[in-house]
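No lab work stands behind these numbers, since they all come straight from the coordinates. Not measured: the values here are computed from a predicted model. FYI the Cβ positions are ideal-geometry reconstructions off the backbone, even for glycines, and counts take in every protein chain you see.
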Amino acid sequence: MTTVSHQRPDHMAFTLAERGELADLLDGLPAQRWDEPSLCEGWSVRDVVAHMLARDELDPESLLRRFVRGRFTLDGANQAGVDDYRDYPPALLAELFRERLEPRGLAAALGGRIAFIETFVHHQDIRRGLGEPRDIPPPRIRSALRLSTAFSPPGATRHTRGLRLDAVDVRMAAGSGPEVAGPGEALVMVISGRGQALEDLSGPGVEILAERLG
């Protein structure tokens, strides 16, 4: 993506800030709301938090074990991690999340880049599902836009191929073709396969993007 010049981002610091803000939300979230759906298909708020906790436990050996439990599919491995926290009450999940703000294991690789983009997207999965919007600092949005194409789920970038993406709030743009314009956060979410964010976008490319996302 092209933009004006900015300082090099500190992805680990961004991750800590994202997780801290999500922890604040979870601390005040009534127990019944943990069962509300997130933007992750088939997962509740509780499931997304469990997934985030489970991902931070992974090293190469435990990742292999989880893939075995998940019958060697990514979805299966992710669900196996969520299932490990199935019986944890919301208060305990919130406490554990607060205790583990600093990325660990494989998530901490590449200077925190993986941890940041996963935290950013899952944070919004939860907030959008709950209808709890927030103001996101522009530097984090810019970094999420840059990283979303590099660390999106397999095949996700094909959704936006041949389209021009214009993040009007942070003055970033990429690609060529029919334009899809709107807030940078919404663009990050559709790049990551969340069609629910299409309602925040405009331009002749939106219809094409909607068809691709199904």
**Message:** Can you tell me how many residues within the stretch 177-198 are more than 17 Å from residue 118 (Cα to Cα), assigned to a helix (DSSP H, G or I) and of a type in the set (Asp, Glu)?
**Reply:** 0
**Request:** Considering (1) touching a residue at least 24 places away in the same chain (Cβ under 8 Å); (2) within 16 Å of the chain's Cα centre (by Cα); (3) farther than 26 Å from residue 138 by Cβ, say which one residue 34 fails and leave the rest.
**Result:** (2)
**Request:** Would you kindly identify the helices (runs of 4 or more DSSP H) lying entirely within the stretch 13-124 that contain at least 2 residues that are basic (Lys, Arg)?
**Result:** 45-55, 60-69
**Asked** Which residue out of 135, 83 is surrounded by fewer than 20 Cβ atoms within 10 Å (Cβ to Cβ), more than 23 Å from residue 24 (Cβ to Cβ) and free of Cβ contacts under 8 Å to residues at least 40 places away in the same chain?
**Response** 83
**Message:** Going through 177, 205 one at a time, which residue ends up being surrounded by fewer than 18 Cβ atoms within 10 Å (Cβ to Cβ), over 21 Å from residue 138 (Cα atoms) and of a type outside the set (Val, Ile, Thr)?
**Reply:** 177
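Matching residues to (1) farther than 30 Å from residue 167 by Cα; (2) in contact (Cβ under 8 Å) with a residue 60 or more places away in the chain; (3) surrounded by fewer than 17 Cβ atoms within 10 Å (Cβ to Cβ); (4) not acidic (Asp, Glu):
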{"position": "11", "(1), (2), (3), (4)": "no, yes, no, yes"}
{"position": "18", "(1), (2), (3), (4)": "no, yes, no, no"}
{"position": "40", "(1), (2), (3), (4)": "no, yes, no, yes"}
{"position": "59", "(1), (2), (3), (4)": "yes, no, yes, no"}
{"position": "89", "(1), (2), (3), (4)": "yes, no, yes, yes"}
**Message:** If residue 192 satisfies all but one of (1) surrounded by fewer than 20 Cβ atoms within 10 Å (Cβ to Cβ); (2) closer than 30 Å to residue 24 by Cα, what's the number of the condition it fails?
**Reply:** (1)
**Residue check for residue 97: without any contact (Cβ under 8 Å) to a residue 24 or more places away in the chain and not β-branched (Val, Ile, Thr)** = no
